[in-house]
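Q: Take this structure first; my questions come after.
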């Protein structure tokens, strides 16, 4: 039988940092509301959450890196909204945010969750920030808790013999 590991969104005792972009704050504030509500619903204490604000999605990776370096958090949630305009600025900001947040994940071995909406229209962003498509801030915060739990389960594999591995 194949062994499977899956993280559960358990919030009790978890410490989560949230980095939020101010640009498009009509959207990002709704993402933040969703993230905070999800963390509370899963048992994360308010005292175990910190929210940091950055100018835009481009600055999220640096802030995520700073937060990871403190050693005080089990995960970092990055929230932003980039809406396509008439120039290629959209592509550069989306690429920088994506690449930078991935790098923070891998450099620190800490879950850094990508909650940056990359939408073609304002209406698409509204739909994903508490509208018809739910609240992606809540989804990402819940995923952060699941990743924290999964990280712990994977770490346990180092400390005990694994009967599902060939001898």
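Conditions (1) more than 20 Å from residue 70 (Cα to Cα); (2) assigned to a loop (DSSP other than H, G, I, E, B), marked per residue:
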| position | (1), (2) |
| --- | --- |
| 4 | yes, yes |
| 9 | yes, yes |
| 27 | yes, no |
| 34 | yes, no |
| 44 | no, yes |
| 51 | no, no |
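Q: Same structure again: Which count do you get for residues in region 1-40 that are in contact with a strand residue (DSSP E or B) (Cβ under 6 Å, 6 or more places away or on another chain) and without any contact (Cβ under 8 Å) to a residue 40 or more places away in the chain?
A: Qualifying residue count for the region: 1.
Q: Answer yes if at least one residue in region 130-151 is over 21 Å from residue 46 (Cα atoms) and touching a strand residue (DSSP E or B) at 6+ places or on another chain (Cβ under 7 Å), and no otherwise.
A: Within region 130-151 (the criterion being over 21 Å from residue 46 (Cα atoms) and touching a strand residue (DSSP E or B) at 6+ places or on another chain (Cβ under 7 Å)), the answer is no, since none of the residues qualifies.
Q: Would you confirm whether or not region 78-98 contains a residue that is out of contact with any helix residue (DSSP H, G or I) (no Cβ under 6 Å at 6 or more places or on another chain), outside any loop (DSSP other than H, G, I, E, B), closer than 24 Å to residue 34 by Cβ and modelled with pLDDT of 95 or more? Let's see the steps before the verdict.
A: Of all residues in region 78-98, those out of contact with any helix residue (DSSP H, G or I) (no Cβ under 6 Å at 6 or more places or on another chain) come to 85-92, 94-95, 98.
This time we only want the ones that are outside any loop (DSSP other than H, G, I, E, B), so: 89-92, 94-95, 98.
Next, from what is left, pick out any that are closer than 24 Å to residue 34 by Cβ: 90, 94, 98.
Cutting the leftovers down to modelled with pLDDT of 95 or more gives us 98.
Scanning region 78-98 turns up at least one residue that is out of contact with any helix residue (DSSP H, G or I) (no Cβ under 6 Å at 6 or more places or on another chain), outside any loop (DSSP other than H, G, I, E, B), closer than 24 Å to residue 34 by Cβ and modelled with pLDDT of 95 or more.
Q: Please name all residue pairs, on different chains or six or more residues apart, with Cβ atoms under 9 Å, provided the first residue is in region 76-88 and is without any contact (Cβ under 8 Å) to a residue 60 or more places away in the chain and the second residue is part of a loop (DSSP other than H, G, I, E, B) and surrounded by fewer than 24 Cβ atoms within 10 Å (Cβ to Cβ).
A: Short answer, once both residue conditions are applied: 82/23; 82/24; 82/56; 83/24; 83/120; 83/121; 84/120; 84/121.
Q: Ok, one more. Give region 108-139 a look and list any residue that's part of a helix (DSSP H, G or I), out of contact with any helix residue (DSSP H, G or I) (no Cβ under 7 Å at 6 or more places or on another chain) and within 18 Å of residue 73 (Cβ to Cβ), or say none.
A: Across region 108-139, there are no qualifying residues.
Q: Still on this structure, I have one more. Looking at (1) assigned to a helix (DSSP H, G or I); (2) touching a helix residue (DSSP H, G or I) at 6+ places or on another chain (Cβ under 6 Å); (3) farther than 19 Å from residue 60 by Cβ, which one does residue 150 not meet, given that it meets all the others?
A: So residue 150 meets the others, but not (2).
The values are calculated or read from the model by the stated rules, or taken from the named source; none is laboratory data. Because the structure is a prediction, the values reported are computed rather than measured. Cβ sites come from the backbone with ideal geometry, for glycine too, and all protein chains shown count toward neighbours.
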